[in-house]
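> Take this structure, written in structure tokens, and hold onto it; I'll ask about it next.
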Amino acid sequence: MPSPRYIFIVGGVMSGIGKGIATASVARILKSKGFNATCVKIDPYLNVDAGTMNPIEHGEVFVTEDGMECDQDIGNYERFLGENIYAMNYMTSGSVYLSVIERERALKYEGKCVEIVPHIPEEVISRLSKVAKKTKADFILVEIGGTVGEYQNLLFLEAARMMHLKDPKNIMFVLVSYLPIPKKIGEMKTKPTQYAVRSLNSAGIQPDFIIARSEAPLDEPRKRKLSIFCNVHAEDVISAPDIDNIYQAPVNFEKDKLGDKILKKFEIRRREKDLVEWSKMLRRALFSRREVKIGIVGKYFGTGKFTLSDSYISVIEAIKHAAWHFSRKPRIFWLEAEAYEKNPRKIKEELSELDGIIVPGGFGNRGIEGKIKAIEFARKNKKPYLGLCYGMQLAVVEFARHVAGMNGAHTTEANPKTKYPVIDIMAEQKEKIFTKNMGATMRLGAYACRLKEKTLAFKAYGIKTIHERHRHRYEFNSALQNVLESKGLMISGVNPESGLVEIIELKDHPFFVGSQFHPEFKSRPLSPHPLFREFIKAAISKKKSKR
């Protein structure tokens, strides 16, 4: 292809309707047709990255291979494409403004008056060009965060408009918009989407496709109405009803032949069509009936009367990928760690019914003793356990207290004065915390880990050296390593450069593994992560033995 094609995906009517899934799905479709596709997320926040955002408000902070803390949609892109997405594929208003200001301070504008327009949109365009050059992608799908009509994302729409003006044959626009069905009326309404298109038109942009999100499939009268009032061909209005599984989206879009329509508008000949493996995975996901029950013990759940699963979306998806691999239907239980502190009897009541327990990553003191109690239950009752980052650290705390005889052992994050600091602040992090230099300063991105043979970890991966993604400031205290190992704690993976403990596990247990890194970030629906795969395998075996 002579030059990359850009597809901008914008949202209409309201947020949270699935722009990220739509973007990832279109990328997957284009990849299935033999093209190289990549995705870019633009967030309208003034935060420079997502690292300092509250997961309850914003959802999970995803970490790329090269250490960018970013929006959870990057995780969706990776899972749908089965490929790593890098830091350059994510930008925020804050990062764009910062680049322009730093450029101005360095006299790179040669004395010109630096203005919002055109210099901010030009910086956006420059970044997209770098993605195209680096990835050599045939298609670059650009998701613009927020909803049309908001002034926060107007400058990103302006960048897209400028690109279209310069090269209209290689730029396309997709509007993902919501069509409500008010219960008292019982009719799908197109008017909100009509207004969304008018707002997009006011920014100088006309959508080529409308992906119509709703509770129910779109009918022909609604398609015709959108076609007339939104200046879009009826066949280019794509129905996107609610689905049971997000991985159905590419298959659903292909029912309307979205991929072929995109190629036709770009005047590109189709190469091949292959969603075979994807469809096989989807059948296992949709039609498996045998269950495996997994409990997640955490604290980033509650917001009023609602449960926010987005705080742990990569963990949830990794559980699903592994369960589907064994043709199992995962049932995930949200377990509040703080409840175990107030009522210890709930631990046995809730955890006894589970096939496996996960304690995911997190920060701070809230719910910490409840998590430790849950880990103790998993250890004593031979319940398959997987600890992720903080979950690994608290497993070490629990072992130190109750097996190694280190009464009061703790992480210095929770108790700086503990007599046995089995988890301690990383040396290079002390000054950063003291000076409150918190943004993008944790141990981030992929690091090597050398595995010890004849361990659960080595059995899972099948290779000696792995690379996994990190996001933490505290680590296993190597000064106490010998004592803990002498009491039966196994160190099964370490970083070859720093000696940092990466994986711990227990002998004489069906599966008790903790990783300092976040394996969930590298799980894919077509290739489950090895640790999650072996954890689910052990959970299934535990279920069989109970029977």
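> Over 20 Å between C-alpha atoms is what I'm after, so list which of Lys459/Lys542; Lys293/Lys383; Lys33/Lys320; Lys320/Lys542 land there. Please list the in-between numbers first.
Numbers: Lys459/Lys542 18 Å; Lys293/Lys383 12 Å; Lys33/Lys320 26 Å; Lys320/Lys542 18 Å.
Distance filter (> 20 Å) returns Lys33/Lys320.
> Identify, among Gly488, Met53, Ser15, the residue whose Cα sits farthest towards the positive end of the charge dipole of the chain, taking +1 on the Cβ of Lys and Arg and -1 on the Cβ of Asp and Glu, with the dipole about the Cα centre.
Among Gly488, Met53, Ser15, the one farthest towards the positive end of the dipole of the chain is Gly488.
> What percent of all Cα-Cα pairs in region 2-154 falls into each 5 Å bin, going from 0 up to the bin containing the maximum distance?
The percentages, shortest bin first, are 2, 9, 18, 22, 21, 15, 9, 4, 1, 0.
> Determine the calculated [θ] at 222 nm for the chain from helices alone, applying -39500 (n - 2.57) to every DSSP H run no shorter than 4 residues and normalising by the residue count; nearest 500 deg cm²/dmol. The partial results should precede the final answer.
On the way: 20 runs with 209 residues, N = 547.
Value at 222 nm, helices only: -11500 deg cm²/dmol.
> I'd like the antiparallel share, as a percent to the nearest 5, of DSSP beta bridges with both residues in region 289-546. Walk me through the numbers on the way to the answer.
Numbers: 24 of 44 bridges.
Taking every DSSP beta bridge within region 289-546, about 55 percent pair in antiparallel fashion.
> Can I ask one more? Quick one: which of Lys280/Lys522; Lys112/Lys133; Lys342/Lys382; Lys273/Lys537; Lys19/Lys264 span more than 30 angstrom between C-alpha atoms?
Working: Lys280/Lys522 21 Å; Lys112/Lys133 28 Å; Lys342/Lys382 24 Å; Lys273/Lys537 33 Å; Lys19/Lys264 22 Å.
From the list (Lys280/Lys522; Lys112/Lys133; Lys342/Lys382; Lys273/Lys537; Lys19/Lys264), the Cα-Cα distance tops 30 Å for Lys273/Lys537.
> Using the Karplus equation 6.51 cos²θ - 1.76 cosθ + 1.60 (θ = phi - 60°), what ³J(HN,Hα) coupling, rounded to whole Hz, does each residue of region 472-479 give in order, writing x for Gly and Pro?
After applying 6.51 cos²θ - 1.76 cosθ + 1.60, I find 7, 10, 10, 8, 4, 7, 5, 5 Hz.
> Taking amide H positions as placed 1.01 Å from N in the peptide plane, with prolines and chain starts having none, which residues 5 or more places from Phe512, or on another chain, fall under 5 Å of its amide H?
For Phe512, the qualifying residues are Tyr385, Leu506.
> Could you size up the charge dipole of region 289-546 around its Cα centre, putting +1 on the beta carbon of Lys and Arg and -1 on that of Asp and Glu, and report it in debye to the nearest 20?
On the way: 45 positive and 27 negative charges, 183 e Å.
So the magnitude is around 880 debye.
> I've got another one for you. Where Rh is the Kirkwood radius over the Cα pairs of region 289-546, the temperature 37 °C and the viscosity 0.692 mPa s, what D in µm²/s does Stokes-Einstein return? Mind showing how you got there, number by number?
Working: Rh = 18.4 Å.
My calculation gives 179 µm²/s for D.
> Could I ask something else about it? What net charge do the residues around Pro330 carry, taking every other residue with its C-beta under 11 Å from that of Pro330, with Lys and Arg at +1 and Asp and Glu at -1? Walk me through the numbers before you get to the answer.
Details: positive: Arg290, Lys293, Lys320, Arg328, Lys329, Arg331; negative: Glu291, Glu317, Asp355.
That sum, taken over residues with Cβ under 11 Å, equals +3.
> Which one, Ile211, Val124, Tyr97, is farthest towards the positive end of the dipole of region 5-279 when Lys and Arg carry +1 and Asp and Glu -1 on their Cβ?
Result: Ile211.
> Taking the Cα atoms only, what angle lies between the long axis of helix 191-202 and the longest principal axis of the chain, rounded to 10 degrees?
70
> Please state the Cα pair-distance histogram of region 233-302 with 5 angstrom bins from zero: what percent is in each bin?
3, 12, 17, 16, 16, 13, 8, 6, 6, 3, 0
> If you wrap a convex hull around the C-alpha atoms of the chain and split its volume per residue, what is the figure in Å³? Please report the intermediate quantities before stating the final value.
Working: hull volume 93.0 nm³, N = 547.
Value for the chain: 170 Å³ per residue.
> While we're on this one: Mind pulling the angle between the C-alpha long axis of helix 368-380 and the longest principal axis of the chain? Nearest 10 degrees, somewhere in 0 to 90.
Approximately 60 degrees, to the nearest 10.
> Provide the FRET efficiency to the nearest 0.05 for the Asn415-Thr465 pair, computing r from the beta carbons and using R0 = 30 Å.
Numbers: r = 35 Å, r/R0 = 1.15.
The value I calculate is 0.30.
> How long are the semi-axes of the ellipsoid equivalent to region 257-387, from square roots of 5 times the Cα gyration tensor eigenvalues, in whole Å, largest first? It would help to have the intermediate numbers written out before the result.
Details: eigenvalues 307, 67, 25 Å².
So the equivalent ellipsoid measures 39, 18, 11 Å along its semi-axes.
> In addition: What is the fewest-to-most order of His509, His472, His321 by other Cβ atoms lying within 10 Å of their Cβ?
Values: His509 17, His472 21, His321 25.
Sorted ascending by nearby Cβ count, the order is His509, His472, His321.
> Could you please rank Cys113, Cys70, placing first whichever residue has the fewest other Cβ atoms within 10 Å of its Cβ?
Values: Cys113 7, Cys70 22.
Listed from fewest to most nearby Cβ atoms, that is Cys113, Cys70.
> Would you list Val176, Val403 from fewest to most Cβ contacts within 10 Å? Don't jump to the answer; show the numbers that get you there.
Values: Val176 28, Val403 15.
Arranged by neighbour count, lowest to highest, Val176, Val403 become Val403, Val176.
> Then there is this: If the cut-off is a Cα-Cα distance under 19 Å, which aspartates and glutamates reach Lys487, setting aside same-chain residues fewer than 8 apart in sequence?
Reachable aspartates and glutamates: Glu376, Glu398, Glu502, Glu505, Asp508.
> Send over the semi-axes of region 12-96's equivalent ellipsoid, whole angstrom and largest first, taken as the square roots of 5 times the C-alpha gyration tensor eigenvalues.
On the way: eigenvalues 96, 46, 25 Å².
Whole-Å semi-axes of the equivalent ellipsoid: 22, 15, 11.
> Using alpha carbons only, how many degrees (0 to 90, rounded to 10) separate the axis of helix 530-546 from the longest principal axis of the chain?
Long axis of 530-546 versus the principal axis of the chain: about 60 degrees.
> OK, next. Please list the non-local residues whose amide H lies under 5 Å from the amide H of Gly445, H modeled 1.01 Å from N, same-chain partners needing a gap of 5 or more.
For Gly445, the qualifying residues are Gly67, His470.
> Related question: When DSSP assigns beta bridges and you keep just the ones with both residues in the chain, what percent turn out antiparallel, to the nearest 5?
Of the beta bridges lying entirely in the chain, close to 35 percent run antiparallel.
> A follow-up question, please. Cα atoms only: what Rg and Dmax, in Å, come out for region 5-279?
18.4, 62
> If the only charges are +1 at each Lys and Arg Cβ and -1 at each Asp and Glu Cβ, what is the size of the charge dipole of the chain around the Cα centre, to the nearest 20 debye?
On the way: 87 positive and 65 negative charges, 383 e Å.
In debye, rounded to 20, the chain gives about 1840.
> Can you list the HN-Hα couplings for region 243-251, worked out from phi with the Karplus curve (6.51, -1.76, 1.60; θ = phi - 60°), rounded to whole Hz and with x for Gly and Pro?
10, 6, 9, 4, 6, 6, 4, x, 5
> With +1 assigned to the C-beta of every Lys and Arg and -1 to the C-beta of every Asp and Glu, and no other charges, what is the dipole magnitude of region 1-56 about the Cα centre in debye, to the nearest 20? Display every interim value, and only then the final one.
Values: 6 positive and 2 negative charges, 70 e Å.
The dipole magnitude comes to about 340 debye.
> Next question. Could you name the lysines in cross-link range of Lys189, using Cα to Cα under 19 Å and dropping any fewer than eight places away on the same chain?
Excluding near neighbours in sequence, the set is Lys223, Lys225.
> Spelling out what I want: for every residue of region 170-178, take phi, set θ = phi - 60°, compute 6.51 cos²θ - 1.76 cosθ + 1.60 (Karplus), and round to whole Hz; glycine and proline get x.
Running phi through 6.51 cos²θ - 1.76 cosθ + 1.60 with θ = phi - 60° gives 10, 10, 9, 10, 10, 9, 9, 10, 9 Hz.
> Follow-up. So between Lys454 and Arg271, what do we pick up on full extension, going 0.36 nm a residue minus the alpha carbon distance?
Using 0.36 nm per residue and subtracting the Cα-Cα distance, I get 61.3 nm.
Every number in this text was worked out from the coordinates using simple rules, so none of it is lab data. As the structure is a prediction and not an experimental result, all values here were calculated from the model. As a convention, Cβ positions derive from the backbone with ideal geometry for all residues, glycine included, and neighbour counts pool all protein chains shown.
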